[in-house]
Structures are given as C-alpha cells and as structure tokens.
Amino acid sequence: AALKDGLRSQVAAALKEGRVTPTELCQRCLALIKSTKFLNAYITVAEETALKQAEESEERYKRGQPLGILDGIPIAVKDNFNTAGIETTCASNMLKGYISPYNATVVQKLLDQGAVLLGKTNLDEFAMGSGSTDGVFGPVRNPWSYSRQYKEKSVPKSHSEDKEFNWVITGGSSGGSAAAVSSFTCFAALGSDTGGSTRNPAAHCGVVGLKPTYGLISRHGLIPLVNSMDVPGILTRCVDDAAVLLGSLAGHDPKDSTTVQDSFKPFELPDLTDVSKLTIGIPKEYRAPGLSSEILALWSKAADLFKNAGAKVVEVSLPHTPYSIVCYHVLCTAEVASNMARFDGLEYGHRSDTKESTESMYAATRREGFNDVVRGRILSGNYFLLKQNYEKYFVKAQKVRRLIADDFVKVFSSGVNILLTPTTLSDAAPYLEFIQEDNRTRSAQDDILTQAANMAGLPAINVPTALSERGLPVGLQFIGCSFQEKQLLTVAKWFEKQVQFPVIQLEEVERHDNGVFQHQKSASFS
C-alpha cells in the first residue's frame, strides 16, 4: 500500500523530470499490446501515429512546455468513436475499412492536450451486447483469466480444447477498453455507456468505470446507439485518473446540442477524511433476482464500512426499478431502429454487389453488414414503432422512464447524497457458459443494475472492490445527483482507499516491467 501511495503521481512526475520520455512510454505500451495480443483488446493499433505523437510530446517536454497532465500519456479509444485517419469499424462488417474525415470531440480534446492515441479497442458489434463477444473481430478475453490470482483458484481442464476456451469474458460492450486498461497497455481508455457498457466491463476487469451525467460530455463523433442515453465513458485504474480525464473532456460543445451550456471547471479530488456528513442510500430493489450471495455480502460489507466510519446509511426505495429493464429495451431498440437506418450502402460503409434494384441492394447490404443481434434489435424497434404499437409500447415506455427518473429525484431530495449498489449480478462468466444464452437474454440480465442510471441521466461509477472466490474482480456502483461528479468521485476515492483492491499479477506485464515502468502498477498519472 505504501508503495502504491508513493507512486501515485509518478508518471506525470517522471515525464516532467525526464526520467522517462513519452517515446519510451509509448514503446513500452506498444510492446505490451503485442505481447497481450491474445486478449484481442484492440481492433486497430496505430503504432506509427502514436510514435509520431509521442515524439511531438517529447519536443514539448524538452522545451519545458507540456500541454498539461495528459501530455505524453498513452490512451486507447473504443472503436465506435470517429478518428480521422484511423479506421472506425464498430466491430462490424458494415463499417470495416471506414475511415472518418474527422475526430469525435472527446478524441480531439485528448489529442489537443497531448495524449498519445495507441489505437481503437474491441467491442460488441455497434456496442450492442454485454460480453464483448459479438463483434466481427472475435471476442475479447479478460486479462484476469491469465492472472496468478485466477490461475491459483481455477480448476485446470484436462482437454486442450477446454484449455483454449478456459477464459472469462470482459463484460461489454466496452470490453476492449476495459481489458486494455486492466492489462496495462494504456493508462486510460474511452468507452461508451448506454445501459452500463462502461461500468459492466470495468467491474469484470477490475478497473474504474465512470459514466458521467448525460450532457456533460459531448457525443459528437460517437456513432450513436441510443441518442437519449449514450454517454462517453471513462476507464482508468484509479478514481483520481477518472477525475483528470473528466476535467479534460467535460463542457459545452457547439456540435452537440445536448451538452450543457455552463462551463465546466476541472477539479482535483480532496482526500476525504470525515464521512459523517454523508448519507448513503441502499436501494432495496437492487437485490435483484440472480444476484450472487457473494456480491450481496460484499455490498452489505461496503455499507457497514461507511456506517462504521460515521456516515448515515439508510435503506431507500426506487419503486419503478423492476420495470426499468423492460422499459429500457423498448426505448433502446426503438432508437436503434432509427439510428441504423443511415447504413444503407449509399453514403459510407459496406455496399452489396447486388444490382437488381435499389431496394434489393439496400436489403442485401444490411443483411451482409449487420449481425443477427443488430438485425434483431432493428426488427424489434420497428415493431414497437409501428402505428398500431406506438402508444402501447414506445409512449408507455417513455412515461415509465419519467417515473424511474422521478424515483431518483425523490430519493436525492430526501437528503441522500449517494446511492450504493452492486454493478453486476456476479463475477465474470466463463466464455463457453456466456455464449450458451442469446445476446438479448444476457443483456437483459447484465444491464439490470446499471441501465436505470442511463434512463435518469445520472452519473455513476464502478469501483473495483474485491476478488471473488474464483479470484476474479467484483465491483460496486455509486450513483450520484446530476452534475455532482465531484461529490460522487470524492466518495468513490474514499471507498477505493479503504478497500485497497489488489493489483493484477500478469506474467506478460512482469516480463516487460523494468525501472520507471513499474509506476504503471499503481497506474496513476495524476
């Protein structure tokens, strides 16, 4: 613990003092990406571009004019954010080979502050899924599957075929970004969060996953899934780093009319010592069917931790939570059907060779370009939007969404500062077990604890908390009031310090680990 604390600001300090250069840092991360290629965390590695950006950063440091704390810091971006000059595929045949003419606002903001973009990370096709197993580039493997902690507790399989698939999923849909951060190949990564797609893989991969308040960070250049819920997510290895990235990305964007008009002031997180003025709410409805006894016990233990430290811990009710997952899927598929209409084979992306008619070309393009999951959601969404079904499904779901949002307003108005809930029902599932069920069933189960925050537009964060009996990460979720990210992250930081989540022990990382690179263990550049 003392070693971790001593290394808390080592990366930024090491760069500033010249003990490591941005180029060396970039090269070491690129070497790690190659040695952990079996994780399939990256779709595209932009080695040449990254090294060029690192060289430019090095020149700035030599002149004593770094652009800020992110200058020279290697980062990765989920492959559903547009990046100029680098392929953006959404892990789909539809966009395979597509190169955007512009950067997403969040990507541009990172580059403007000197961050080094290593590459684009893997995901479920068009971010539709909760396992990062359904993209055309194959599933992402959870780095913890290869950790000493997991290997010591997992039962070895006798057949070589079983060994090949004896790994656990990352969660999704931002599984590539979570795996990239967890395996030390980058210091931070961008994900997207529509129903939990940043927090879910963060919990399974033992990293911090922040979903900011809707409208705080620009969605411009994020290929849309559900416009009314999508939020760029932040994945880091500690809460302090999530705050640094939030400070760099938040604020009004004239290219996104849903961003807040108020200016955003970046903040440093204070070291909270007194939690006696805090009221922590424990929503009783989050004791969902399928919640493992292990996570239930951990949740209870976390509540006791706050109580013993002097915080007021109260049970609260969010009565419309049981309806939220059904409501979410109606609204999600309806907006998906609308958003996916743009992929018609005419303007960009895949185009079928069928030439019988325009209509047949449309149909063939979409049949060839989308997988079963995407096509299924388009069909469901269009069904809910049919004239005879619109009032019965879509309008009713919007009304329920308002009731769900009102539940949160009432709880926070009653004096509760932060809600504490589980992030996932259990630790990460083995890949072979996960693919036994269809995507829709798995998503309904895996999003159940996370999607309500998206429907209410609230900030939420996953904090890695402990290892399960199988040696896999388990996280807990904190939900805050709209635009109260500072309070949310301050409480999350206090909790992170109390639980002292263990560092992953990966042989691939240890082989590359020497000298100043050791600072990545505590992972903080802030």
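The values are calculated or read from the model by the stated rules, or taken from the named source; none is laboratory data. From a predicted model like this one, the values you see are computed outputs, not experimental measurements. Note that we place each Cβ from the backbone using ideal geometry, even for glycine, and neighbour counts take in every protein chain shown. For accessibility, only protein heavy atoms count, side chains too; no ligands or nucleic acids. Shrake-Rupley method; radii C 1.70, N 1.55, O 1.52, S 1.80 Å.
Kindly provide the helix-only [θ] at 222 nm of the chain, computed as the sum of -39,500 (n - 2.57) over DSSP H runs of four or more divided by all residues, to the nearest 500 deg cm²/dmol?
Working: 20 runs with 205 residues, N = 526.
Dividing the helical sum by the residues of the chain leaves -11500 deg cm²/dmol.
Might you report the magnitude of the Cβ-based charge dipole of the chain about its Cα centre, with Lys and Arg at +1 and Asp and Glu at -1, to the nearest 20 debye? Please report the intermediate quantities before stating the final value.
Values: 55 positive and 58 negative charges, 156 e Å.
Dipole of the chain, to the nearest 20 debye: 740 debye.
Tell me the Kirkwood hydrodynamic radius of region 423-512 in angstroms, computed as one over the mean inverse distance between distinct C-alpha pairs.
Its Kirkwood hydrodynamic radius stands at 15.3 Å.
If you build the convex hull over the alpha carbons only and average its shadow over all orientations, what do you get for region 74-189? Give it in nm² to one decimal.
Over all viewing directions, region 74-189 projects a mean Cα-hull area of 8.0 nm².
Kirkwood Rh and Cα-based Rg: tell me the resulting Rg over Rh for the chain, rounded to two decimals.
My calculation puts Rg/Rh at 0.95.
Out of N382, Y42, G138, whose Cα points farthest toward the positive end of the dipole of the chain (charges: +1 Lys, Arg; -1 Asp, Glu; placed on Cβ)?
Selected residue: N382.
Which whole-number value in Å³ per residue fits the convex hull of the alpha carbons of region 232-323? Write out the running numbers ahead of the final one.
On the way: hull volume 16.7 nm³, N = 92.
Residue-normalised Cα hull volume stands at 181 Å³.
Bins of 5 Å, beginning at zero and ending with the bin holding the largest distance: percent of Cα pairs per bin for region 116-245, please.
Spelled out bin by bin, region 116-245 gives 2, 12, 20, 22, 19, 12, 6, 4, 2, 1, 0 percent.
Using r as the Cβ-Cβ distance of H252 and Q398, and R0 as 25 Å, what FRET efficiency do you calculate, to the nearest 0.05?
It comes to 0.40.
I want to check the label-to-label distance for V499 and S338. Put each point 7 Å from Cα in the C-beta direction and report it in nm to one decimal.
Roughly 3.6 nm, to one decimal.
Let me know the shape class of region 390-461, please: from the alpha-carbon gyration tensor, a ≥ b ≥ c as square roots of the eigenvalues, rounded when a/c is under 1.5, otherwise prolate if a/b is greater than b/c, or oblate.
Oblate, since a/c reaches 1.5 and b/c is not below a/b.
List the chymotrypsin sites (Phe, Trp or Tyr not before Pro) within region 189-287 that DSSP assigns to loop and that have no more than 15 neighbouring Cβ atoms inside 10 Å.
Within region 189-287, the qualifying chymotrypsin sites (Phe, Trp or Tyr not before Pro) (loop, at most 15 other Cβ atoms within 10 Å) are F267.
Taking the alpha carbon gyration tensor of region 1-156, what are the square roots of 5 times its eigenvalues, largest first, to the nearest whole Å?
Value: 28, 24, 12 Å, ordered largest first.
Could you check what % of the DSSP bridge pairs in the chain are antiparallel, to the nearest 5?
Bridges in the chain that DSSP calls antiparallel: roughly 70 percent.
Can you give me the relative contact order of region 253-352 as a percent, contacts being Cα pairs under 8 Å and 6 or more apart?
Working: 57 pairs, mean separation 28.4, N = 100.
Computed value for region 253-352: 28 percent relative contact order.
Modelling each spin label as a point 7 Å along the Cα-to-Cβ direction, I'd like the S360/Q436 distance in nm, to one decimal.
4.4 nm
Based on a Kirkwood Rh over C-alpha pairs, give the Stokes-Einstein translational diffusion coefficient of region 332-407 at 25 °C and viscosity 0.890 mPa s in µm²/s.
Diffusion coefficient, whole number: 176 µm²/s.
Let me know the longest stretch in the chain that avoids all GluC sites (Glu not before Pro) found in a DSSP loop with at most 16 other C-beta atoms within 10 Å.
In short, 1-267.
Restricting to Cα pairs below 8 Å that are 6+ residues apart, what does the relative contact order work out to for region 70-129? Please round to a whole percent.
46 percent
Take R148, R19 and sort them by solvent-accessible surface of the protein heavy atoms, 1.4 Å probe, largest at the top.
Details: R148 90, R19 120 Å².
If we order R148, R19 from most to least accessible, we get R19, R148.
Any idea what the relative contact order of region 14-68 is, in percent, if you count C-alpha pairs under 8 Å spaced at least 6 apart?
45 percent
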